[in-house]
Amino acid sequence: MDLSGKVAIITGSARGIGKEIALRLAEAGATVVVSDVADAEPAAEEIRKMGHQSLAVAADVTSASDVAGMVEKVTAEYGRIDILVNNAGIARDQLLMRMSEEDWDAVLNVNLKSVFLCTRAVLRQMVKQRWGRIVSISSIVGIVGNPGQANYASSKAGIIGFTKTIAREVGSRGITVNAIAPGFIVSKMTEQLGEEQKSEMLKRIPLGFLGTPRDVAETVAFLSSEEARYITGQVLGVDGGLGGL
Ligand code: NAP
C-alpha cells in the first residue's frame, strides 16, 4: 500500500491506537498530521525521525473552532488533505441508572460530535481534490452493545449511521467513507483486567487472542489506499471473529 504524496490527519494520535495508525500511514509514505488535545509533538517527532514529514497540531476535536484551525493549518502547510482518521475517543462507563448527564454528553461529544465536526471540516478540500478517504474508529460495542457502556455504545453506533450516510453523500466525488469496529485490542484498559476476566474474554474470541493496535492500523492503511477504492459505507470488524461469525 503506497500512500506517498498523501496527507493524513489522525485525531487522538498522541498515543494508543491513534499513534500506531500515524506510524503505519507514515511507513506507507503519507505525510502525517498528529492531532491530539495535548502532547502531539513527541509522536510527530518520532515520525520525522523515520524520515517522513509530520506536523503536530493541538486540537480538541469537540471544538468547532479548534477543528477549523487544524484544517486551516494543514491546508496552509501542505495544500491538501487526503485522509482523515477519526480515532479520538473516551469511555466513561456506568450502568444507565447511575450514569450522569455529564458523562453521557462527554462521551457523545468526544466520540461522535467530533466525527461530524472533523469530517465536515475536511470535505470541502477533498471534494475539490475529487479524492478522499474518511476512516472512523467505531467499536464492536456499537454493534452488539455492552452493559455499563450505554453512552459509549450509542456514540459508536452513531458513527456507523454517520459513515453510511456520508458515504452516500460524497461517493460521486471520489471520496470513500468507512468505519472499523475493533474488538478487544491490547491497550491500557485490557492490561488492567484480571487473569480470570482475560481468560473469559479469550474464550469468546474465535481466533483465541487479543488484537493489537497494529491490527487496527493495518486495516486503516488498507482502507486509506487506492487498492480500497471500491469499498465505501462499510463497517469492518477487526475482532478475531468475536462479532460476526
Ligand atoms: P486512548 O489510548 O485513550 O487514546 C485516545 C486518544 O484520544 C488519547 O490520545 C486522547 O488524549 C485523545 N483524546 C481524548 N479526548 C480528545 C479530544 N477531545 N480531542 C482530541 N483528542 C482527544 O484510546 P485507544 O484505546 O487508543 O482507542 C482509540 C480509539 O479506538 C477510540 O475511539 C476507542 O473508542 C476505539 N476502540 C478502542 C478499543 C480498545 O480495545 N482499546 C476497542 C474498540 C474501539 P488524552 O489522553 O490526552 O485525553
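Based on C-alpha pairs under 8 angstrom that are at least 6 apart in sequence, region 153-245 has a relative contact order of 42 percent. In plain terms, the chain from residue 128 to residue 105 could stretch by 4.9 nm, reckoned as 0.36 nm per residue minus the Cα-Cα distance. If the chain linking residue 46 and residue 146 were pulled fully straight, counting 0.36 nm for each residue of separation and taking away their Cα-Cα distance, it would gain 32.4 nm.
Quick one: dipole size for the chain, taken about the Cα centre, charges +1 on Lys/Arg Cβ and -1 on Asp/Glu Cβ, in debye to the nearest 20. Dipole magnitude for the chain comes out near 820 debye. Multiplying the residue separation of residue 196 and residue 92 by 0.36 nm and subtracting their alpha-carbon distance yields 35.1 nm.
Remark: spin-label model distance residue 169-residue 27 equals 3.4 nm, labels positioned 7 Å along the Cα→Cβ axis. The Stokes-Einstein estimate for region 1-82, based on a Kirkwood radius over Cα pairs and taken at 10 °C with 1.306 mPa s viscosity, is a diffusion coefficient of 130 µm²/s. Rounded to the nearest Hz, the phi-derived 3J(HN,Hα) couplings of region 120-129 under the Karplus curve 6.51 cos²θ - 1.76 cosθ + 1.60 (θ = phi - 60°) are 4, 5, 8, 4, 4, 5, 5, 5, 4, 6, where x marks glycine and proline. Over region 38-157, the hull volume per residue, using the convex hull of the C-alpha atoms, is 119 Å³. Once divided by 2.2 N^0.38 Å, the Cα radius of gyration of the chain becomes 0.97. Of interest is the spacing of the C-alpha centroids, which for region 1-41 and region 188-235 amounts to 18 Å. Rolling a 1.4 Å probe over the heavy atoms of the protein chains gives the chain an accessible area of 48 Å² per residue. Between amide H atoms placed 1.01 Å from N, distances below 5 Å from residue 35 occur with 10, 12, 13, 57, all of them 5 or more places distant or on a separate chain. Protection proxy ranking, highest mean first, for peptides 198-207, 229-238: 229-238, 198-207, where packing is the per-residue count of other beta-carbon atoms within 10 Å, averaged. Only helices enter this figure: runs of n ≥ 4 DSSP H residues, each worth -39500 (n - 2.57), summed and divided by the residues of the chain, yield -13500 deg cm²/dmol at 222 nm to the nearest 500. Sequence-ordered 3J(HN,Hα) estimates for region 150-158 from the Karplus curve with 6.51, -1.76 and 1.60 and θ = phi - 60° stand at 4, 5, 5, 4, 5, 5, 6, 5, x Hz, glycine and proline given as x. Split the accessible area of the chain by element, probe 1.4 Å, and carbon with sulfur accounts for 51%.
The values are calculated or read from the model by the stated rules, or taken from the named source; none is laboratory data. The model shown is predicted, which means the values in this text are computed figures rather than measured ones. Cβ coordinates were reconstructed from backbone atoms using ideal geometry, including for glycine residues, and neighbour counts include every protein chain displayed. Accessible surface is based on the protein model in full, side chains and every heavy atom, while ligands, DNA and RNA are left aside. Shrake-Rupley method; radii C 1.70, N 1.55, O 1.52, S 1.80 Å.
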